[in-house]
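The values are calculated or read from the model by the stated rules, or taken from the named source; none is laboratory data. If you're wondering where the values come from, they're calculated on a predicted model, not measured in any experiment. Note that we place each Cβ from the backbone using ideal geometry, even for glycine, and neighbour counts take in every protein chain shown.
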Amino acid sequence: MSGSRLYGSGEAAALIGVGRARLIQLIEHGKLPEPTHRLPGRRLFTEQDLQHLKDALQALEAYVFAPVRTALAASRVSRVSLHVGRRALDLTPSVCWAFWRRARPLAELAQ
């Protein structure tokens, strides 16, 4: 480890802008990479792990969310259901601008 700082899952989640529970869920479902270090009941993230998480989230934005937003704006799809936590958001071309206009973290929408 050579003196590098380790971050707990709560700190890591705050640094990349998602809720801790969502971060753990994404890791456990294979959507985000596991951290380098793991102790019983704990995940410890290095700076490099945080960069990998940020890169994975940027890829989701580029390859999933941005194309969906574009398709809705162009009315190429009639409806998108986005499931965040226990909430489901149904987006249609006529209402999608209210959702996309103000950037909000997904964790905020799940509350």
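Overview of values
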| quantity | calculated |
| --- | --- |
| Some residue of the stretch 37-47 being in a helix (DSSP H, G or I) and surrounded by 11 or more Cβ atoms within 10 Å (Cβ to Cβ) | yes |
| Residue in the stretch 66-74 that is at pLDDT 80 or above, over 23 Å from Gly17 (Cβ atoms) and not hydrophobic (A, V, I, L, M, F, W, C) present | no |
| Ile24 being touching a strand residue (DSSP E or B) at 6+ places or on another chain (Cβ under 9 Å) and modelled with pLDDT of 85 or more | yes |
| Residues satisfying the stated conditions in the stretch 36-66, i.e. in contact (Cβ under 8 Å) with a residue 24 or more places away in the chain and in contact with a Ser or Thr (Cβ under 8 Å, 6 or more places away or on another chain) | His37, Arg42, Arg43, Leu44, Phe45, Thr46, Glu47, Asp49 |
